[in-house]
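Engineer: For reference, the structure I am asking about is given below.
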Amino acid sequence: PAVRLQHGASGLEPLAWSEDHRVSVSTARSIAVLEQLSDVHSGGQDMVIHRTAVPAPGAACMLKVGPKKEVAECKEKFASSVDPTVSQTFMLDRVFNPEGKSLTPMRGFKYSSWSPLGCDANGRCLLAALTMDNRLTIHANLNRLQWVQLVDLTELYGERLFEASYKLCKADTPCGELGDFPEFQRRHSMQTPVRMEWSGICTTQQVKHNNECRDVGSVLLAVLFENGNIAVWQFQLPFLGKESITSCNTIESGISSPSVLSWWEYEHNNRKMSGLIVGSAYGPVKIIPVNLKAVKGYFTLRQPVVLWQEMDQLPVHSIKCIPLYHPYQKCSCSLVVAARGPYVFWCLLLISKAGLNVHNSHVTGLHSLPIVSMTADKQNGTVYTCSSDGKVRQLIPIFTDVALKFEHQLIKLSEVFGSVRTHGIAVSPCGAYLAVITTEGMANGLHPVNKNYQVQFVTLKTFEEAAAQLLESSVQNLFRQVDLTDLVRWKILKDKHIPQFLQEALDKKIESCGSTYFWRFKLFLLRILYQSMQKAPSEVTWRPSHEDAKILISDSPGMGSTEDDQEEGTSKQASKQSLGDTGKGVDIDDTAEDSLHQSSDAGGREPMVEKLLEIQAQIEAVEMHLTREHMKRVLGEVYLHTWITENTSIPTRGVCDFLMSDDGYDDRTARVLIGHILKKMNKQTFPEHCSLCKEILPFTDRKQAVCSNGHIWLRCFLTYQSCQSLVYRRCLLHDSIARHPTPEDPEWIKRLLQGPCTFCDSPVF
């Protein structure tokens, strides 16, 4: 479905698609975030989108260039200056005057950038947002419904410069007085962000108090400023806020009027190199070395590498760096593409025995108007560009003996959406969808009176291509391939059966390798098939019923009524509601029987019931297999990390008995593991106890625990402990629940609790 935006798109690249399948749209009042879900509990064929927003700050951002009183005096002095080159420059520059006064307010966002997967507390992506008034902040979506600002980097960087007297190093010449207009401009220019980009996750070594070293994950955020300087922030993962900032180093790029930034990350013979690709509004493009201190396995360039030298006044609008494999040179290489006016500049970088080889050229004849947005599919190197006239070009790189060439074809959005203007594009992580921001185009030679900004989605892959990619995936995680599973979901819901080729290929994969990923994929297909067999409800499930479900006791309030009449009325109301709500919001376990009563065809009722019961039995069998595999993993952790008489909080004896209770389950690995664990436990059981009545909680069900007094506690699907608290976590698709880690938990239990859902690979909130 087309998603209508509440405000107009803003910024140079308003669309960005994260690795965890969230689309950020920069608008004039907020960043709209559209999260794509592959919902296994819905029978609708439309794409399921969960929508949230990051609101713009209410107050304008004032860059810290000196003490407040002195800054106010200087502003008044420059505004009333008799020199028009000073007064007019000051009054019209929105960096100096973000509040605007008589000018229009600087509301909205200039740019947004997603971090790699695994950076926030839930193992998902962080969002770096740059407002129009130059405030750079980092946000996290910790509870799914609300975005939280973790840190304001503009404020922190301003404080660092203020403490250093606005000098990058101690050897710099002393700066001038703030009352001098050039110095006033310089201090603003050195902290006005232009773009920011995240690096990949790297590993650093942290020294403990006992002189031991431990590996810690970290991520870098490079911020390009108006004067050409680059601040490289290093964050420890998971990023929680100001306390997670490790360091901040400033690099001088030497590029005048910088316009765009991108990370260059190259791997050759297990040696990683990194740098920053910087483009200028005047045309040049070059790679700046970045010295990553204490980062394992990283090497840096000795000197900058110039990719394009000519000052041809073609501004660099966007840069993408794509890692590829060269089939002729038999080595990895980097493809750098940059949008420059209506052209695409490309540069192929590869390291050979002779050193770093650079091949570059331009692709012309793509658009008649300047390129407004560019995106790239990093899986196969395909590049997409668009201009404002609604034309999208697909560029496919093809390697030659020396370098490469591009095959390009035109995608006319007017054939799909009618006459439209395009403002930005972004491709999904696995290349299944292309998101496009559109407004109405010209009709009969006239421009539209009103602009309605919409985010439209275009399918780039067929169902067969998506299924083949899922079967041969090296990622082996359904959550990271939601765009592909969504295409498979749509096909099964549409045809009401699993294609034969997919069923056979999946069975072969399960027989050959037995990876739990293919079992989870099979569970996903069966659940979607089950939903496709359900009869759609006659009314929308969220809409309230128009029937009056009132209990008529008496016409007169003074008549009174007996308790029997009230109970009878209540029971009638309950039975009436149960009949009216059949098929709405029912669980998987109850739908097979309920769907019978909705079927009007008496002859086709029995086969449908048998089919539903058969699918339900298959679903339960696959879920049980995945549960047993995870139980084996949990028992393995228990065996490795507990001593003979240690009381572990995991119901070890109950899990062992549950695994051995089924006579049909014969797994030699499980039996050997259980034998070792029981020998360690030495007849000790360590049972769980109900926190309300102190009775023993038997392990008879993997989903819940019930004591002898009838108290019911849900079980954590990651550790199989009973969640005896009012607060717990659920996975993204509401598949399972998990408890929160506690300070008393050892490190190995905390690691287990960080895992994804064992049924759908979704993160847990």
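The values are calculated or read from the model by the stated rules, or taken from the named source; none is laboratory data. Quick caveat, the model's predicted, so the values are computed rather than measured. Here the Cβ positions follow ideal geometry from the backbone for every residue, glycine too, while neighbour counts run over all protein chains shown. To get the accessible areas, we keep the full protein, side chains included, count just its heavy atoms, and leave off ligands, DNA and RNA. Shrake-Rupley method; radii C 1.70, N 1.55, O 1.52, S 1.80 Å.
Engineer: Less than 14 Å Cβ to Cβ from Ala222, Lys/Arg counted +1 and Asp/Glu -1: what total charge do the surrounding residues give?
Structural biologist: My count for the surroundings of Ala222 gives -2.
Engineer: Counting Lys and Arg as +1 and Asp and Glu as -1, what is the net charge of the other residues whose Cβ lies under 12 Å from the Cβ of Val344?
Structural biologist: That works out to +3.
Engineer: Then there is this: Nothing charged except the Cβ atoms of Lys and Arg (+1) and of Asp and Glu (-1): what's the magnitude of the dipole of the stretch 465-531 about its Cα centre? Round to the nearest 20 debye.
Structural biologist: It comes to approximately 240 debye.
Engineer: Further question: Taking a quarter of the surface of the convex hull around the Cα atoms of the stretch 611-754, what do you get in nm²?
Structural biologist: Convex hull of Cα atoms, orientation-averaged projection: 10.0 nm².
Engineer: In addition: Under a 1.4 Å probe, what is the accessible area of the chain per residue, stated in Å²?
Structural biologist: About 49 Å² of surface per residue is accessible.
Engineer: Treating the beta-carbon of each Lys and Arg as +1 and of each Asp and Glu as -1, no other charges, what is the dipole magnitude of the stretch 652-759 about its Cα centre, to the nearest 20 debye?
Structural biologist: Dipole of the stretch 652-759, to the nearest 20 debye: 240 debye.
Engineer: How much of the calculated P(r) for the stretch 465-531 lies past 19 Å, in percent of all Cα pairs?
Structural biologist: Counting pairs separated by more than 19 Å, the tail of P(r) holds 23 percent.
Engineer: Using packing as a proxy for protection, rank 387-396, 84-93, 230-239, 479-488 so that the peptide with the highest average count of other Cβ atoms within 10 Å comes first.
Structural biologist: Peptide ranking by packing, descending: 479-488, 230-239, 387-396, 84-93.
Engineer: Using +1 at the Cβ of each Lys and Arg and -1 at the Cβ of each Asp and Glu in the chain, identify which of Thr85, Gly217, Val23 lies farthest towards the dipole's positive end.
Structural biologist: Going by the charge dipole, the pick is Thr85.
Engineer: My understanding is that a pair violates if its Cα-Cα distance is over 32 Å; which of Lys208/Lys683; Lys330/Lys461; Lys110/Lys330; Lys68/Lys286; Lys412/Lys522; Lys330/Lys412 do that in this structure?
Structural biologist: Beyond 32 Å: Lys208/Lys683; Lys110/Lys330; Lys68/Lys286; Lys412/Lys522; Lys330/Lys412.
Engineer: For the chain, divide the Cα radius of gyration by the Kirkwood radius and give the resulting Rg/Rh value with two decimals.
Structural biologist: With Rg and the Kirkwood Rh in hand, the quotient comes to 1.01.
Engineer: All other residues with a Cβ under 12 Å from the Cβ of Glu76 taken together, and with Lys, Arg as +1 and Asp, Glu as -1, what is their net charge?
Structural biologist: Here the count lands on +1.
Engineer: Skipping prolines and chain starts, which residues have an amide H placed within reach, meaning under 5 Å, of the one on Val151, given they are 5 or more residues away or on another chain?
Structural biologist: The list, which skips near neighbours in sequence, is Ile138.
Engineer: Taking H placed 1.01 Å from N in the peptide plane, check which residues at least 5 places from Gly424 or on another chain put their amide H under 5 Å from its amide H.
Structural biologist: Ile437
Engineer: Order Leu697, Leu12, most accessible first, counting only protein heavy atoms with a 1.4 angstrom probe.
Structural biologist: Leu12, Leu697
Engineer: Still on this structure, please answer the following. Evaluate the relative contact order of the chain (contact order divided by residue number), counting alpha-carbon pairs under 8 angstrom at least 6 apart; express in whole percent.
Structural biologist: 8
Engineer: Convert 37 °C to kelvin, take the viscosity as 0.692 mPa s, use the Kirkwood radius over C-alpha pairs of the stretch 75-221 as Rh, and evaluate the Stokes-Einstein diffusion coefficient in µm²/s, rounded to a whole number.
Structural biologist: Rounded, D is 177 µm²/s.
Engineer: Further, regarding this structure: Which residue, chosen from Leu640, Val672, Phe686, occupies the Cα position most advanced towards the positive end of the dipole of the stretch 611-754, where the dipole is computed from +1 (Lys, Arg) and -1 (Asp, Glu) charges on Cβ about the Cα centre?
Structural biologist: Sorting the options by dipole projection puts first Leu640.
Engineer: Hey, another quick one. In whole percent, how big is the carbon plus sulfur part of the accessible area of the chain, probe 1.4 Å, protein atoms only?
Structural biologist: Looking at the chain in its full context, I get 51 percent from C and S.
Engineer: Taking θ as phi - 60°, what are the ³J(HN,Hα) couplings along the stretch 507-519 by the Karplus curve (6.51, -1.76, 1.60), each to the nearest whole Hz, with x for Gly and Pro?
Structural biologist: Result, ordered by residue: 4, 5, 5, 5, 5, 6, 10, x, 5, 5, 4, 6, 5 Hz.
Engineer: Around Lys110, which amide H atoms from residues at least 5 apart in sequence, or from another chain, sit under 5 Å from its own amide H, with H modelled in the peptide plane?
Structural biologist: Here the answer is Leu130, Thr131, Met132, since their amide H atoms fall under 5 Å of that of Lys110.
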